[in-house]
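J.: Before I ask anything, here is the structure I am working with.
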Amino acid sequence: MDYQFKEIEKKWQQFWADNHTFKAENNTDKPKYYVLDMFPYPSGAGLHVGHPLGYIASDIFARYKRLKGFNVLHPMGYDSFGLPAEQYAIQTGQHPLVTTEDNIATYRRQLDQIGFSFDWSREVRTSSPDYYKWTQWIFMQLFNSWYNKDADKAAPITELVAHFESKGSAGINAVCDEDILSFTAEEWKAFSEAEQQTELLKYRLTYLRESTVNWCAALGTVLANDEVKDGFSERGGYPVEQKKMMQWSMRITAYAQRLLEGLDTIDWPEPLKEMQRNWIGKSVGASVKFPVENSSEVIEVFTTRVDTIFGVTFVVLAPEHELVAQLTTPEQKATVEEYIAKTKKKSELDRMADTKTVSGAFTGSYVLNPLNGEKIQLWIADYVLAGYGTGAVMAVPSGDQRDYLFAKHFDLPVVQILDIQKIDTEADPTKEGTYINSDFMNGLDYKAGTAAVIAKLESIGSGKAKVNFRMRDAIFGRQRYWGEPVPVYFKNGLPYLIKESELPLLLPEIDKYLPTETGEPPLGRATDWKHAEGEYELSTMPGWAGSSWYWYRYMDAQNETDFASKEAIDYWKAVDLYIGGSEHATGHLLYSRFWNKFLKDIGKTPEEEPFKKLINQGMIQGRSNFVYRLIDAEGKGTNTFVSHGLIKEYNTSPIHVDVNIVENDVLNQAKFKAWRPDFAEAEFILENGKYVCGVEIEKMSKRYYNVVNPDDLAQRYGADTLRMYEMFLGPLEQSKPWNTNGIEGVFKFLRKFWKLFHDADFNFNVSDAEPTKAEFKSLHKIIQKVEQDIERFSFNTSVSSFMIAVNELTDLKCNKRAILQDLVIILEPYAPHICEELWELLGYTKGKLSYAAYPTFNPAYLVEDEFSYPISINGKMKTNIALSLALGNDEIEAIIRSHADVQKYLDGKSPKKVIVVKGRIVNIVL
RNA sequence: GCUCAGAUGGUGGAACUGGUAGACACGCAGGACUUAAAAUCCUGUUCCCGUUAACGGAGUGCGGGUUCGAUUCCCGCUCUGAGUACCA
């Protein structure tokens, strides 16, 4: 039979499912290997060809590791809580669960037909109560923990309470809110229950706090910083404004330093680590307190250049700073209020677009330099951000360009503080030279000066060395329906956890998926949804909750008494290889690392980092095709279409055309007429008898008609071809436009591979004869090459190598079992269906191929006794001369010098020098 | 602006530690088979000059450098993509 991919693929997909071929065990003698894909949100649009790219790569790796004798965990699941299903529910009234399950069914069908070796018995869905029970459970552990800075880890809140009861607040070094109280043990015991709980909330790793949030009115919810792009929601593109709300937050900042340090221990792409470093944004400096003149208030600033403190000529507050109203003098009140009003009106976008304009207002108040008591003007300006540091800066115009421009604009003094500083036209941020105009620092250099200033500030209690992080605590709540309920009820306005035995706290049914009339979240609509002791929290958890620990659930997905058993976690430990997109750099990948560290702190998991190695697959862009409609003299569109090469000669307008009716940029005219009724009578102006379409690279999207669906390709060419073609496209990490041109080449390769096992009439025909040297050489070349390629995730080059091997073996007319059976094993990770079929035809046990032994590379087969030396003259290759590899360099040089072919090029001259690199090259220098 | 990644034929890409640039595939051209087409197979295909051919010259974004030898290393620049942005 010829290569019948449809029957073969159906047969083996069914076989794998029926026989649970890819079920992983939790206890074996084999070494373990955990290959994970970022699980998808099951959207209504289904998969396009870009989605499986990473899954194919991870599947090849997983299958390869199985052949190498590893017990491989390669699971898949769904991040199935999320906004789109809820938006759809609002529009149609359809329960998000129904939509979600439909979409999951589509995803599953699409995934199945590509032949992935997932262990589906471990599937997880974040929206399933068996799963979110444990998401809620982790929330409860966070609520019951605080961060002990002395131990540098999370600790039970009961320890903190015990400390308060015996020693009061003294001696606690915690990551906590800023407004914590100081109290003795007696005072603590005298506190009311409410006072105690209020105080404890300031320490808990998840806590309530009034915070400025990104409020998206159109979506009716708050968004995390990473869900907001340029002032608009990432999903849907709706405007986002700043609003103050009581919100659940996660004290991720407690882990800032560990999140930063951990990056040095993991094998991730450098750009991704860099993104996380920038997001964490550590800066080392000092905090300095400037007392306000004639007031008890103090302005605290953070600076990375505390050495420039004698160059401070003004201090600037953010317009939103809490002391602004209080410190504005009556004379300046009008100016300041007008400025604040103006700032508020500016949208985020305006503020960004407008970074060059200098603006600000004088408050009328003065602060005092803590080191010399000098009077300094206090200003407000919108270039100071309320959300960073203390919302106040000490301005040093000689060293900072923004401060310089501000000083020049408002005619404030600029003081040079280093002897070599050049400040005639702009600020000079140098650290070179020695200080001048700087009191006790005069004559010191940067290092000594900085140390001296900090020591002095500390001695008078006006400042200290400080590390500041840009990262903020993560807001952990959404005013939405389709998410995990927070396992909390409120009594007297204070949050209490429900009992563990009450988990999971199920999502209640509601009539409409909209906020209540009083503006409460949708959960406010639920009737009979009340805790015995109070009202439930009405927010749900954000999208990243369920994905922040899911890799542990796969280890033991059925467990009813724990999120995963200790044995399972101790066996699988962490993910060895994680493949997914870089768009999750500062969201999912940061939150997951945070929760992982927390779970380690409470003794539930063993590893500091959850993902040892991570690879970002590139984005697959769309490649749009265009036809050009002829415009008539009146400017109206006609029914005539002009081929792309001729559009300069006509007046035309481009129209997106479905890429599925275009082949190699040539339009299928019949299909075009059938595509849309209004094109049925279309006429064409052709070039060379063909209609050629225009091309543009855009995002892959329905509205550009450039979506290529894996279903169509799987139907037309089969899963094996699709898998290999996606890999053949280029390096995995590189982004590239999808182009189906060339898929034929891969299909032809598989057919050629099939024909190696068959005679001209397609009868299975494999010989048991001993292979020749050339046949062994081809085989061992590919064994070595593919192994090297897979280990460095260079899948595109191994596909090429397979083609070379099959071409060679075809030329050798090789049908020897000894060669072909090994070839079947090494090709299995790439094209598993055809290989299973041939494995069975070869007479081996059905379905055992996935666990066969990977052939061992034997270098003896590649040993050559002759090498065709490239002979170059002055580095330019001229000719080849075959010589024995047994010859030494001197012998080679002698032969080359006198060789007739070489003499031709020497033109009578004698070589200055002959460089011989054995087995590589000969270079003659004239 | 800053950070990172990248630039190789008509196209996707290969060249792994400085050693034959363009593997493999698509496309294109020519040919075989066929009444014809599809499919399949064979040959050619970096560019320029020249030509039956051998051969000659140029060539990995641009300009320099190191080296016997550079797509690979170093310096300077241009362009493209991604991230980030008044971060004190």
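The values are calculated or read from the model by the stated rules, or taken from the named source; none is laboratory data. It should be emphasised that the depicted structure is a prediction, and the values quoted were computed from it without experimental measurement. Quick reminder, even Gly has a Cβ in these numbers, built from the backbone with ideal geometry, and neighbours come from all protein chains shown. These area figures cover heavy atoms from the full protein model, side chains too; ligands, DNA and RNA do not enter into them. Shrake-Rupley method; radii C 1.70, N 1.55, O 1.52, S 1.80 Å.
J.: Rounded to the nearest 10 degrees, what's the angle between the helix A:270-280 long axis and the longest principal axis of chain A, both from Cα atoms, 0 to 90?
T.: Value to nearest ten degrees: 10.
J.: Under a 1.4 angstrom probe, counting protein chains only, how are A:Asp759, A:Asp601, A:Asp179 ranked by accessible area, largest first?
T.: Descending accessible area places them as A:Asp179, A:Asp759, A:Asp601.
J.: Cα centroids of the stretch A:547-619 and the stretch A:439-485: how far apart, whole angstrom?
T.: 31
J.: Tilt of helix A:333-345 relative to the longest C-alpha principal axis of chain A, in degrees (0 to 90, nearest 10)?
T.: Approximately 20 degrees, to the nearest 10.
J.: Continuing with the same structure: How much net charge surrounds A:Lys573 when only the other residues with a Cβ under 14 Å from the Cβ of A:Lys573 are counted, with Lys and Arg +1 and Asp and Glu -1?
T.: So the environment of A:Lys573 carries a net charge of -1.
J.: Going 7 Å from the Cα of A:Asp865 along its beta-carbon direction, which residues of the stretch A:754-780 have the amide nitrogen within less than 19 Å of the resulting point?
T.: Counting only backbone N, you get A:772-778.
J.: Which FRET efficiency, nearest 0.05, do A:Asp562 and A:Tyr496 yield, Cβ-Cβ r, R0 25 Å?
T.: It comes to 0.60.
J.: Check which residues have an amide H placed less than 5 Å from A:Glu698's amide H, if you skip close sequence neighbours.
T.: The list, which skips near neighbours in sequence, is A:Gly622, A:Arg623, A:Ser624.
J.: Could I ask something else about it? About the Cα centre of the stretch A:742-861, how large is the charge dipole given +1 on each Lys and Arg Cβ and -1 on each Asp and Glu Cβ? Please answer in debye to the nearest 20.
T.: In total the dipole reaches around 180 debye.
J.: Mind checking the dipole of chain A: about its Cα centre, +1 per Lys or Arg Cβ, -1 per Asp or Glu Cβ, Debye to the nearest 20?
T.: Value, rounded to 20: 1900 debye.
J.: On to the next question. Can you give me the long-range amide H partners of A:Lys466? Hydrogens built in the peptide plane at 1.01 Å from N, cutoff under 5 Å, separation of 5 or more residues or another chain.
T.: HN-HN under 5 Å from A:Lys466: A:Gly285, A:Ala286, A:Ser287.
J.: Considering only the other residues whose Cβ falls under 11 Å of the Cβ of A:Leu523, what net charge follows from Lys and Arg at +1 and Asp and Glu at -1?
T.: So the surrounding residues net to -1.
J.: Note the full-extension length gain between A:Asp678 and A:Ala455 as 0.36 nm times their separation in residues minus their Cα-Cα distance, in nm to one decimal.
T.: So the extension gain works out to 72.2 nm.
J.: Return a whole-number percent for the relative contact order of the stretch A:620-711, with Cα pairs under 8 Å and 6 or more residues apart as the contact set.
T.: Averaging sequence separation for qualifying contacts and normalising by length gives 40 percent for the stretch A:620-711.
J.: I've got another one for you. Using 13 Å as the cut-off for backbone N distance, which residues of the stretch A:601-633 belong to the label zone defined by a point 7 Å from the Cα of A:Tyr650 along Cα→Cβ?
T.: A:627-633
J.: Roughly how many nanometres apart are two label points built 7 Å out from the Cα toward the Cβ at A:Thr772 and A:Lys913?
T.: With each label point 7 Å from Cα toward Cβ, the separation is 4.4 nm.
J.: Roll a 1.4 Å probe over the protein heavy atoms and report the accessible area of A:Leu83 in Å², nearest 10.
T.: Taking all protein chains as shown, A:Leu83 has close to 30 Å².
J.: Moving on. Obtain the nm distance between the two label points defined at A:Thr797 and A:Lys344 by a simple spin-label model: each point lies 7 Å from its Cα along the Cα-to-C-beta direction.
T.: Taking the simple label geometry, A:Thr797 and A:Lys344 are separated by 6.2 nm.
J.: Among residues other than A:Val914 whose Cβ falls under 11 Å from its Cβ, what is the net charge (Lys/Arg +1, Asp/Glu -1)?
T.: Summing Lys/Arg as +1 and Asp/Glu as -1 gives +1.
J.: Using the 2.2 N^0.38 Å rule of thumb for compact globular proteins, work out how the stretch A:864-925 stacks up: its C-alpha Rg over that value, please.
T.: This ratio for the stretch A:864-925 stands at 1.01.
J.: Same structure again: So, R0 is 56 Å and r is the distance between the beta-carbons of A:Glu583 and A:Ile881; what FRET efficiency does that work out to, to 0.05?
T.: The value I calculate is 0.55.
J.: Rule-of-thumb check for chain A: C-alpha Rg over 2.2 N^0.38 Å?
T.: Dividing the Cα radius of gyration by 2.2 N^0.38 Å gives 1.18.
J.: Could you state the angle between the C-alpha long axis of helix A:719-728 and the longest principal axis of the C-alpha atoms of chain A, as a value from 0 to 90 degrees rounded to the nearest 10?
T.: 70
J.: Any chance you could count the Lys pairs in the stretch A:425-582 whose alpha carbons are under 24 Å apart, treating pairs 8 or more apart or on different chains as valid?
T.: 14
J.: Could you report the accessible area of A:Met246 in Å², rounded to 10, computed with a 1.4 Å probe on the protein chains as they sit in the structure?
T.: 120
J.: Also, quick follow-up: Amide H of A:Phe684: which non-local residues (sequence gap of 5 or more, or other chain) have their own amide H closer than 5 Å, using H built in the peptide plane?
T.: So A:Phe684 has HN proximity to A:Phe641.
J.: Which ³J(HN,Hα) values, rounded to whole Hz and listed in residue order, are derived for the stretch A:96-110 from phi using the Karplus coefficients 6.51, -1.76 and 1.60 in 6.51 cos²θ - 1.76 cosθ + 1.60 with θ = phi - 60°, glycine and proline given as x?
T.: Per-residue couplings from phi come out as x, 4, 5, 4, 4, 5, 4, 5, 4, 4, 5, 4, 4, 4, 5 Hz.
J.: At what distance in nm do the modelled label points of A:Thr28 and A:Asn858 sit from each other, each positioned 7 Å from its Cα along Cα→Cβ?
T.: 2.7
J.: Further question: Just want the answer: with Cβ charges of +1 for Lys and Arg and -1 for Asp and Glu, which residue in A:Thr721, A:Phe15, A:Thr434 is farthest toward the dipole's positive end in chain A?
T.: Checked the options; the winner is A:Thr721.
J.: Under 8 Å for C-alpha pairs, at least 6 residues apart: give me the relative contact order for chain A, rounded to a whole percent.
T.: Result for chain A is 13 percent.
J.: Taking θ = phi - 60°, what integer Hz values does the Karplus form 6.51 cos²θ - 1.76 cosθ + 1.60 yield along the stretch A:842-858, in sequence order, with x for Gly and Pro?
T.: Using θ = phi - 60°, the values come out as 5, x, 9, 4, 3, x, 7, 4, 4, 10, 5, 8, 5, x, 8, 6, 10 Hz.
J.: Subtracting the Cα-Cα distance from 0.36 nm times the residue separation, let me have the gained length for A:Asp267 to A:Lys573 in nm, one decimal.
T.: Gain on extension, A:Asp267 to A:Lys573, equals 108.5 nm.
J.: Leaving out ligands, DNA and RNA but keeping every protein chain, what accessible area does A:Ser884 have, in Å² rounded to the nearest 10, with a 1.4 Å probe?
T.: The accessible area of A:Ser884 comes to roughly 50 Å².
J.: If you put +1 on each Lys and Arg Cβ and -1 on each Asp and Glu Cβ, how big is the dipole of the stretch A:282-469 around its Cα centre, in Debye rounded to 20?
T.: 380
J.: With a 1.4 Å probe and all protein chains kept in place, how do A:Arg472, A:Arg629 rank by accessible area, largest first?
T.: A:Arg472, A:Arg629
J.: Relative contact order (percent) for the stretch A:128-225, with alpha-carbon contacts under 8 angstrom and 6 or more residues of separation?
T.: 25
J.: Ordering A:Lys736, A:Lys342, A:Lys876, A:Lys846 by accessible area with a probe of 1.4 Å, largest first, what comes out?
T.: So, going from the largest accessible area down, we get A:Lys876, A:Lys342, A:Lys846, A:Lys736.
J.: Something else about it: Compare the Cα positions of A:Val312, A:Gly875, A:Thr126 along the charge dipole of chain A (+1 at Cβ of Lys, Arg; -1 at Cβ of Asp, Glu; about the Cα centre) and return the one farthest towards the positive end.
T.: Positive-most Cα among the choices belongs to A:Gly875.
J.: Which percent, to the nearest 5, of DSSP beta bridges fully inside chain A are antiparallel?
T.: The antiparallel proportion sits near 80 percent.
J.: I've got another one for you. At 0.36 nm per residue, and after removing the present C-alpha to C-alpha distance, how many nm does the segment from A:Asp179 to A:Ala900 gain when stretched out fully?
T.: 250.4 nm
J.: Rounded, prolate or oblate: which one fits the stretch A:742-861, using the alpha carbon gyration tensor with axes a ≥ b ≥ c (rounded when a/c is under 1.5, else prolate when a/b beats b/c, else oblate)?
T.: rounded
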